[in-house]
Amino acid sequence: MKIFVLEDDPPAAKDLMQQLEKWGHSILYYAKSYQQAVQWLEQTEELPDAAILDLCLGNDDNRQGLDVAEMIAEKYHVPFIFYSALEDTSTARLTARYKTAQIEKGAWRTLKNELIHIEENKKQARKGTKLPPLTQQESYETACISINNTENRNVKIPISIANIVWIDTQPNRSGRIILHVAEGDRIVSYNNNNHTLDSFVQALDERYPHLNLSSVFIRIHKSTIINRHYIMQYTRDSIWVHGKYFPIGNQYQKGLEKYLPPTV
């Protein structure tokens, strides 16, 4: 597809455009500002197949990406993706109104899947049909998985994604994992012999690409992943989740800040 990119940070834009080209897309136009975007849209003779838009442009928290999104959707009828971790009511309103996605920067697998969905929708539209939008399928609250009952492998146990509090490795099981799930006021643990920590999160992203679950289930230790929605407080080297303290491994301390609440 031919993609329009709006991103004011040159290194981030370069990484994004290189990734898009690796996937076989081409960059129709790259704008660094609201003014550049509007001027190009008003003058271009060829509209993009899709647009990827940063929300805040420049040093101010100005949300000008929202204005571009509304223009692209209403005037030019081009599907767009918000490429930003910023969440607020205005962004939520637009994503719901136009049935689009908001994807955190660097979440390549999720972005790739959303672009595939847009491309397939265009193909179906030419045939007179349309795919249901990814954002209308499952929400974080309704998404679930099922695992085998250890006592009867013919029985599947359904587990809500939102109820998984943390995941760690089974002792002496070559990295196979245990899911620790909130059920009322207690934590119930389930062995999952089909996945390692990395493959479990990858499988979640592949099943629910629009939910960007790799930014929900975050690695804090070589043997532990936590659900960031259950974080209560943290220090530089430990984190408190659902009444339990976990150590943060040295190699995972950097880069956790964007997922964590204010320090205590």
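The values are calculated or read from the model by the stated rules, or taken from the named source; none is laboratory data. For clarity, every value in this text was computed on a predicted model and none was experimentally measured. Neighbour counts run over all protein chains shown; Cβ positions are idealised from the backbone, glycine included.
Here is a yes/no grid of residues against (1) more than 21 Å from the chain's Cα centre (by Cα); (2) modelled with pLDDT of 90 or more; (3) surrounded by fewer than 19 Cβ atoms within 10 Å (Cβ to Cβ); (4) in a loop (DSSP other than H, G, I, E, B):
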position	(1), (2), (3), (4)
3	no, yes, no, no
36	yes, yes, yes, no
39	yes, yes, yes, no
61	yes, no, yes, yes
85	no, no, yes, yes
90	no, no, yes, no
message = Can you pull out every residue in region 92-111 that is of a type in the set (Lys, Arg), modelled with pLDDT of 80 or more and either within 26 Å of residue 42 (Cα to Cα) or touching a Pro at 6+ places or on another chain (Cβ under 8 Å) (or both)?
response = 109
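Each row is one residue, and each column tells you yes or no for (1) modelled with pLDDT of 75 or more; (2) part of a loop (DSSP other than H, G, I, E, B); (3) more than 18 Å from the chain's Cα centre (by Cα).
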| site | (1), (2), (3) |
| --- | --- |
| 75 | yes, no, yes |
| 81 | yes, no, no |
| 130 | no, yes, yes |
| 138 | no, yes, no |
| 158 | yes, no, yes |
| 180 | yes, no, yes |
| 188 | yes, no, yes |
task = Say whether the condition of being among the basic types (Lys, Arg), over 15 Å from residue 210 (Cβ atoms) and at pLDDT 85 or above is met by at least one residue in region 112-121.
result = no
ask   = Among the strands (runs of 3 or more DSSP E) contained in region 191-264, which hold 3 or more residues that are in contact with a Ser or Thr (Cβ under 9 Å, 6 or more places away or on another chain) and at pLDDT 85 or above?
value = 244-247
key: Tabulated pairs, region 171-192, first in contact (Cβ under 8 Å) with a residue 60 or more places away in the chain, second assigned to a strand (DSSP E or B), C-beta under 7 angstrom, 6+ apart or interchain   = 182/165
